[in-house]
Amino acid sequence: DILFCKGNVVPVGKDQLPHLELTRLIARRFNDKFAAGNPVFPEPQPLLSKSPMILGLDGGQKMSKSRNNAIMLSATEDETAALIKKAKTDAERFITYDPENRPEVSNLLLLVSMCTGRTPEEVAESIGNGGGGQLKKVLTESINEYLRPFRQKRVELEANMDYVRQVLLDGAAKAREVGSATLEEVRSAMNMKI
């Protein structure tokens with residue numbers, strides 16, 4: 001799905017880097033073997049965000065819907081509040097950003113930071129002695145505020161499923177067109193033109 005459209009920059013999380021490296025290896029080997037003078041595939045580069053891995057609300061593993069430790073766009077504001085209320089913190093009352101020694105608290109601070117544009121340290125300083133309860137309250141408000149326009153757009157799109165289906169069909173048609181052109185290049189490079 002990266003090579004067929006000749007992706008050269010791929011937004012990935014830290015955990016996906018090995019998959020991207022495999023894609024780069026396949027592109028390199030194909031180009032070396034069949035298209036040394038005129039490479040068919042670019043070697044895609046990773047595009048990592050400032051937060052390449054976000055822990056889930058359980059505080060132990062990456063955020064993932066399959067691990068049931070994520071906040072979904074489809075969740076209501078009340079459902080989001082209930083999920084965050086269960087998020088893991090620690091027993092220390094004074095809130096600090098210390099990813100090494102306080103990963104769960106630091107992860108929640110990072111989530112607030114991503115939603116507000118403030119640094120995790122600034123968020124921690126503003127909460128101070130408020131403890132985990134205050135941190136969760138700030139996180140709930142920040143996430144709900146940040147996700148509100150996305151959730152509204154989702155509701156609008158759900159009300160117009162014909163439009164959604166058409167966008168998906170148009171995208172699939174464009175992908176087939178790009179994939180067919182790439183396949184022709186591959187066949188040509190391999191001297192397998194039909």
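The values are calculated or read from the model by the stated rules, or taken from the named source; none is laboratory data. Since we're looking at a predicted model, the values are computed, not measured. Note that we place each Cβ from the backbone using ideal geometry, even for glycine, and neighbour counts take in every protein chain shown. Note: areas computed on protein heavy atoms with side chains; ligands, DNA, RNA excluded. Shrake-Rupley method; radii C 1.70, N 1.55, O 1.52, S 1.80 Å.
Can you say whether ALA82 is farther than 29 Å from PHE4 by Cα, at pLDDT below 95 and surrounded by fewer than 13 Cβ atoms within 10 Å (Cβ to Cβ), as far as the supplied structure shows? Answer is yes for this residue. Only one entry in ALA189, ALA172, ALA181 is crowded, with 16+ Cβ neighbours inside 10 Å, out of contact with any His (no Cβ under 9 Å at 6 or more places or on another chain), small (Gly, Ala, Ser) and farther than 30 Å from GLY60 by Cα, namely ALA189.
Quick one: would you say ALA70 is within 16 Å of LEU57 (Cα to Cα), within 19 Å of the chain's Cα centre (by Cα) and surrounded by 12 or more Cβ atoms within 10 Å (Cβ to Cβ)?
Numbers: within 16 Å of LEU57 (Cα to Cα): yes; within 19 Å of the chain's Cα centre (by Cα): yes; surrounded by 12 or more Cβ atoms within 10 Å (Cβ to Cβ): yes.
Against the criterion (within 16 Å of LEU57 (Cα to Cα), within 19 Å of the chain's Cα centre (by Cα) and surrounded by 12 or more Cβ atoms within 10 Å (Cβ to Cβ)), ALA70 qualifies.
Of the residues making up region 1-27, those that are among the aliphatic types (A, V, I, L, M) and assigned to a helix (DSSP H, G or I) are LEU17, LEU20, LEU22, LEU25, ILE26, ALA27.
Residue count for region 1-16, restricted to those that are under 19 Å from the mean Cα position of the chain (by Cα), among the hydrophobic types (A, V, I, L, M, F, W, C) and surrounded by 15 or more Cβ atoms within 10 Å (Cβ to Cβ): 3.
So for region 39-50 (the condition being acidic (Asp, Glu), under 28 Å from GLY171 (Cβ atoms), open to solvent by 40 Å² or more (accessible area, probe 1.4 Å) and within 19 Å of the chain's Cα centre (by Cα)), does at least one residue qualify? No, region 39-50 has no match at all.
This table checks each residue for (1) under 21 Å from GLU100 (Cβ atoms); (2) in contact with a helix residue (DSSP H, G or I) (Cβ under 9 Å, 6 or more places away or on another chain); (3) of a type outside the set (Gly, Ala, Ser); (4) at pLDDT 95 or above.
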residue: GLY117; (1), (2), (3), (4): no, no, no, no
residue: VAL138; (1), (2), (3), (4): no, yes, yes, yes
residue: ASN144; (1), (2), (3), (4): no, yes, yes, yes
residue: LEU157; (1), (2), (3), (4): no, yes, yes, yes
residue: ASN160; (1), (2), (3), (4): no, no, yes, yes
residue: VAL164; (1), (2), (3), (4): no, yes, yes, yes
residue: ASP170; (1), (2), (3), (4): no, no, yes, yes
residue: ALA173; (1), (2), (3), (4): no, no, no, yes
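Within region 32-55, take every residue that is among the hydrophobic types (A, V, I, L, M, F, W, C) and farther than 21 Å from VAL9 by Cβ and give me the one that is modelled with the lowest pLDDT. Outline the logic, then answer.
In the first step, residues of region 32-55 are kept if they are among the hydrophobic types (A, V, I, L, M, F, W, C); the result is 34-36, 40-41, 47-48, 53-55.
Next, from what is left, pick out any that are farther than 21 Å from VAL9 by Cβ: 34, 36, 55.
Details: PHE34: 95, ALA36: 88, LEU55: 79.
The selected residue is LEU55.
The numbered conditions (1) more than 21 Å from the chain's Cα centre (by Cα); (2) of a type in the set (Lys, Arg); (3) open to solvent by less than 80 Å² (accessible area, probe 1.4 Å) are all true for LYS62 except (1). Picking from residues in region 28-38 that are open to solvent by 30 Å² or more (accessible area, probe 1.4 Å) and in a loop (DSSP other than H, G, I, E, B), the one that is nearest to VAL178 (Cα to Cα) is ASN38.
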